[in-house]
Amino acid sequence: MRVFDVMTTTVVSVKPEMTVREAAKVLVDHGISGAPVLDADGHLVGILSEGDLIHRTELETAERRRSWWLDHLSASRDAVDYVKSHALTVADAMTQEVISVNETTPLSEVANLMETKRIKRLPVLRDGRVVGIVSRANLVQALASVPEEPAPEVSPSDREIRAMLMGELSGHPWAFAGRNIVVRDGVVHLWGVIWSTDAVQAMRVAAQGIPGVKGFEDHTESYPVMPGI
C-alpha cells in the first residue's frame, strides 16, 4: 500500500503569523495533535505539533532538565528552548525542518520514518503543495480495514505446512539451526535449545500465519548457562 491509499486529504493548517494560542485552539478544536504551517502562497514552511507547545512559560513547563555536559557543549540549545517557550507567533514556535513524503511513497517507508524520526504525522506533497497528511492513526486505520484472509478450500498437508513454515523462517537470525519443527495433524511442534523466549514467540507467530495450522506446541529447552558467565 502507498500513501495515497490511506492519507487524510482534508488538511487543517495554520499560518506563520498566527499567535501560539490561536494555533493551539485550532489543534484543540479539530482534535489533532499537529498541523502544517503554510505561508500566504500555500507553501509548506514548517509544522506545529504538541511537542512544540508543551514547554511554555504560560504553563510553567518551560524549564527542561538536561545533563550538565550537554548544557556546557551547546549554549545555542538553550536559546532554541527559550524561543520555543516564549514565542508569540507560530513562525517562532514551529519546527522548520519538515520531513515530508509524496503520494506514492510506500507505507513501509512511512512507518520507518515515523519510527526513526519519532514523529506522528507527515505532510504529503504534490508539486511542492500539501495535499494531505499521513499519520500513525492512518496506518492503524488501514490495518483495521484489511480484510481477513479466507480459509483455504483445501487444507494443506502436514508436509506442506512444514515446507511453508520453513520458507517463512528462512533468513531470520532467530530461526537458527539446532531446532526441529514437526507438524502433526496441523499442530506445529517446536523442539530444540533456545537462547531467548522472544525467539519462541517469533516462531509461534510465524506458525500461526501459515494456512492450515491448528496449534503450536513449544517443547524447547533453555540453553544452559555456564557457571561464572
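FYI, it's all coordinate maths here, none of it is from the lab. Being a predicted model, the structure only gives us computed values, none of them experimental. Please note: Cβ atoms are built from the backbone with ideal geometry, for glycine as well, and neighbour counts cover all protein chains shown.
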Inset, instruction - Round to the nearest 10 and give me the degree value, 0 to 90, for the angle of helix 20-30's Cα axis relative to the longest principal axis of the chain. - result: 40
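What list do you get for 77, 204 if you sort them by fewest beta carbons within 10 Å?
Working: 77 13, 204 16.
The order, fewest Cβ neighbours first, is 77, 204.
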Inset, instruction - Take the Cα radius of gyration of the chain and divide it by 2.2 N^0.38 Å, with N its residue count; two decimals is plenty. - result: 1.47
Legend entry - Sequence-distant residues sharing a close amide H with residue 194 (under 5 Å, placed H): 221, 222, 223
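Dipole magnitude of the chain about its Cα centre, charges +1 at Lys/Arg Cβ and -1 at Asp/Glu Cβ only, in debye to the nearest 20? It would help to have the intermediate numbers written out before the result.
Numbers: 23 positive and 31 negative charges, 48 e Å.
Around 240 debye, computed over the chain.
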Inset, instruction - For residue 117, go through the lysines and keep the ones whose alpha-carbon is under 20 Å away, minus same-chain ones fewer than eight residues off. - result: 84
